[in-house]
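Right, one structure below, let's go through it.
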Amino acid sequence: MSQERRIDALTGIRGVAALLVVYSHLVEKYFFSVSPLLPGEVGVMVFFTLSGFLMAFLYGEKDFNYPAVARYAIARFARIAPAYLFVVVAAYLIYNLVDGHFVYAITHQNLLRHLAFSGNVSALWSIPPEVQFYVVFVALWFSLWAFRRQGNAAFLVAMLTLVFLMMSYRGSLPGTFVGSKLHYFFTGTVFGLVRARTRDSSGVAMIGTMQVVLLILLALVGLGVADPHFGSKRAFYESLETALFAGIAVFVFSFDTRLAKALLGNRAIKLCGDCSFSMYLINIPVIYFAVKWAHGRAATPAMAVGVTAIILLLAWAMYRTIEMPGSKLLRRIGQRILLPNRARQQGTGPADISQATVPSAFDLGHPDEHKSAAS
């Protein structure tokens, strides 16, 4: 199977995750009834899992050498930096010059922290674990390569020991530290490695059946027939069961069956997936200004539709004018600085299978594959 092609369903998954985050923030401002299903947390969980999946799928089978790692680093930075840094600087200016109550409170004291991808204001908290995972994955990538090519299992055993140790103490680690969410990233990584060795045509009927079963399970939870009993957001984030479920769901829907194409590969949801990182970053500020503009008027679902439309429009504009051009520029600069001429001539590495233009989160959510959200 070629790792160079685009899997539309994964782009759609990013779009769904971003829309869940938007819906969650609208619920917090009473545009909709309070949801017990933690949609925002589900969205961020998907962003983290998808990041691990994509990194393993794209790079897990590749040789580990300087040009490959340099291209990886350039792609990661170029993916997340333009939109994120734009929002951080804009928030800093708005908070300090326009509105001292702005929801992204980027102050003189915490500006450098956020510029260094380690801030924790509002939804920006999901960026640090996403970026930290990019570093962790380099060590995982090296250990996998050393085991596969040299038969040296020592590095892999050491990395797995460290990963499981952090996962064991995930409940006591800071939320902005990758260790507290590593079970999501790692589950995605495992399933990404499996997917890299799985042909698209393998077990199509079984994969289609699994997709139907997963959708039924999600429908039962959504209708209240099945209750996962998370109890709190913290319990949800710490759950190993949700991490496993997310990994299975991303893996199963990474196959472009007719069902996956219809639900996640359609044009509208792919568009949401393309601009999912921008959507994640700007939805809270847009909602903040919408509530402020309403002057205390009761929020309604009808108003929410209008606010969502504005979020989508601004996210698409930001994707086209900030993310894409910024990513291309940073890639060019990074290649000139970090890669020798011969390595540049060999190409810039695989394109992100969930987005045609760039490799996350997070994305948080983005939280790149976040992104992490996102990423």
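Of note:
- Residues (of a type outside the set (Val, Ile, Thr) and surrounded by fewer than 16 Cβ atoms within 10 Å (Cβ to Cβ)) located in region 123-141: Ala139
- Members of region 249-265 found to be surrounded by fewer than 14 Cβ atoms within 10 Å (Cβ to Cβ) and over 13 Å from Val204 (Cβ atoms), listed by number: Ala262
- Residue selected from region 161-195 under the condition small (Gly, Ala, Ser), surrounded by 19 or more Cβ atoms within 10 Å (Cβ to Cβ) and over 15 Å from the mean Cα position of the chain (by Cα), by the criterion farthest from Leu58 (Cα to Cα): Ser180
- Yes/no for Thr49 being surrounded by fewer than 17 Cβ atoms within 10 Å (Cβ to Cβ) and more than 22 Å from Leu330 (Cβ to Cβ): no
- Exclusive hit being in a helix (DSSP H, G or I), in contact with a Phe, Trp or Tyr (Cβ under 9 Å, 6 or more places away or on another chain), surrounded by fewer than 20 Cβ atoms within 10 Å (Cβ to Cβ) and at pLDDT 95 or above, set Ala90, Ala158: Ala90
- Number of the condition not met by Thr198 [criteria: (1) farther than 28 Å from Val103 by Cα; (2) out of contact with any Asp or Glu (no Cβ under 9 Å at 6 or more places or on another chain); (3) part of a helix (DSSP H, G or I)]: (3)
- The lone exception for Leu115 - which of (1) under 24 Å from the mean Cα position of the chain (by Cα); (2) farther than 16 Å from Thr176 by Cα; (3) of a type outside the set (Gly, Ala, Ser) it fails: (2)
- Conditions (1) assigned to a loop (DSSP other than H, G, I, E, B); (2) touching a strand residue (DSSP E or B) at 6+ places or on another chain (Cβ under 8 Å): number failed by Ile80: (1)
- Condition broken by Gly119, with the remaining ones in (1) in contact with a Gly (Cβ under 8 Å, 6 or more places away or on another chain); (2) crowded, with 17+ Cβ neighbours inside 10 Å satisfied: (1)
- The residues listed here are Ala83, Ala56, Ala78; of these, the one that is closer than 21 Å to Leu10 by Cβ, among the aliphatic types (A, V, I, L, M) and touching a Gly at 6+ places or on another chain (Cβ under 6 Å) is Ala56.
The values are calculated or read from the model by the stated rules, or taken from the named source; none is laboratory data. This structure is a prediction, so every number in the text was calculated from the model and none was measured. No Cβ is skipped: glycine too gets one built from the backbone with ideal geometry, and neighbour counts run over all protein chains shown.
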